[in-house]
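Below is one structure, written out as structure tokens, with a few remarks after it.
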Amino acid sequence: MNFDLTEEQQMLNDSLRRFVTNEYSFEKREAIISSGAGIDRATWANFASMGLLGFTFPEDYDGLGGNAIDTMVVMENFGRGLVVEPYLATVVLAGGLIRDAGNDAQKADVLPGIASGERLLALAHSEPGARYNLSQVQTTARKDGDHFMISGQKTAVLHGGQADQLIVSARTSGGIADESGLSLFLVDAKAKGVRVDDFATHDGHRTAEISLSNVAVSADNLIGTIDEAFPVIEKAMDLGIAALCAEAVGAMEAMNATTLEYIKTRKQFGVPIGKFQVLQHRMADMFIQTEQAKTMAILAASEADSGDRACRREAISMAKTLVGQAARYVGQEGVQLHGGMGVTDEMFAAHLFKRLTLINLLFGDADHHLAQVSDNLLAASA
């Protein structure tokens, strides 16, 4: 496998690193979080002007025709700066679903709006009690003339409170845990019957609880084929996991950098604590964990666009397992090497630790994905 970036990807990486370093300061991030808006519109407009919001969309819809490796480059840099804007929710998850499953009219309507920064979307799929089971959906969509009536409850909708439109999964047939019988609908976030309860998560990002009560949706807003949405949802989640793995790597690299700087300046017994060999060994272990995670993030990104479901799912689960374990290790070590300062809001390390903890839990924690890898191995050997 070639781990080298193309010339264009390297230019993107350098540009984003400069932007995060110079334009997305710790203080600016704190101001965005404190505002409760979940997004800085000027920053989002900058992302649009840089081409980031349409990077993986087809050129016919104002995109640049990129792939999951390009998303990896973006998310890794966003992880370094702990960017809180809804890139994952709008571009990777919702935008990816429209790109992969939407009809021509839906693509023409939605994708250019995302690429220009004028439209925000969110994927409303997870439900209470489903945990990480993607097929467990109790929200229903009942056919009523030329409309569908949608009712149900969605939980932990990333940036659901900031979205102009929601992509809602609903059961149009089958049992509550069947993979068949799922459909996707494009729903106006302000439609009658939609209630959105927006709140901040532990890491400063925004999420929402969304209830739908007899929400009327035109049949034209059905995304893809009725009853056959599960493979599309699964692939969108795999793309999301690959993006999260890259973001975690960026956050781990930032944790290593800020921790190294701290132990070089924090003195004890008249010398910097970085002089103590035991702390040098712990820093070395943090760097090793990060490099291993980066390798797996590259594997996840290289397989995320694959049409081979089995290979894609195996690579994604292996990556999420190892990245989650590494994120936990690097986060905890970084906080401990900062001492008591490591858990204060004034220190960047504390915020990195919070984000790494949440990344591990999103879309299946390390234990869940390790079980997926184990089950696949047992099935293959049977």
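The values are calculated or read from the model by the stated rules, or taken from the named source; none is laboratory data. Computed from a predicted model, the values in this text were never measured in an experiment. Note that we place each Cβ from the backbone using ideal geometry, even for glycine, and neighbour counts take in every protein chain shown.
Answer yes or no as to whether residue 290 is in contact with a His (Cβ under 6 Å, 6 or more places away or on another chain), within 25 Å of residue 367 (Cβ to Cβ) and not assigned by TED's automatic domain parsing to the domain that holds residue 91. For residue 290, the condition - in contact with a His (Cβ under 6 Å, 6 or more places away or on another chain), within 25 Å of residue 367 (Cβ to Cβ) and not assigned by TED's automatic domain parsing to the domain that holds residue 91 - is not met. Annotation: of all residues in region 195-222 being of a type in the set (A, V, I, L, M, F, W, C) and more than 30 Å from residue 146 (Cα to Cα), the one that is surrounded by the fewest Cβ atoms within 10 Å (Cβ to Cβ) is 199.
Residue pairs, Cβ under 7 Å, 6 or more apart or interchain, first in region 217-240 and of a type outside the set (A, V, I, L, M, F, W, C), second surrounded by fewer than 17 Cβ atoms within 10 Å (Cβ to Cβ) and assigned to a strand (DSSP E or B). List them. Going by the 7 Å Cβ cut-off, the qualifying pairs are 218/147.
Residue 282 meets all of the listed conditions (1) out of contact with any Asp or Glu (no Cβ under 7 Å at 6 or more places or on another chain); (2) assigned by TED's automatic domain parsing to the domain that holds residue 306; (3) modelled with pLDDT of 95 or more but one, namely (1). Among the residues of region 160-208, how many are under 17 Å from residue 142 (Cβ atoms) and among the aromatic types (Phe, Trp, Tyr)? Number satisfying all stated conditions: 1. A residue that is surrounded by fewer than 20 Cβ atoms within 10 Å (Cβ to Cβ), farther than 23 Å from residue 42 by Cβ and more than 12 Å from the chain's Cα centre (by Cα) occurs somewhere in region 109-125.
Yes/no matrix, rows are residues, columns are (1) within 24 Å of residue 124 (Cα to Cα); (2) hydroxyl-bearing (Ser, Thr, Tyr); (3) assigned by TED's automatic domain parsing to the domain that holds residue 236:
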site	(1), (2), (3)
11	no, no, no
23	no, no, no
31	no, no, no
43	no, yes, no
51	no, no, no
54	yes, no, no
76	no, no, no
88	yes, no, no
95	yes, no, no
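Considering only region 83-90, I want to know if a residue exists there that is within 23 Å of residue 169 (Cβ to Cβ) and aromatic (Phe, Trp, Tyr). So that I can check it myself, show each step before the final result.
Just the residues of region 83-90 that are within 23 Å of residue 169 (Cβ to Cβ), to begin with: 86-90.
Checking which are aromatic (Phe, Trp, Tyr) leaves us with 87.
Scanning region 83-90, I find at least one residue that is within 23 Å of residue 169 (Cβ to Cβ) and aromatic (Phe, Trp, Tyr), so the answer is yes.
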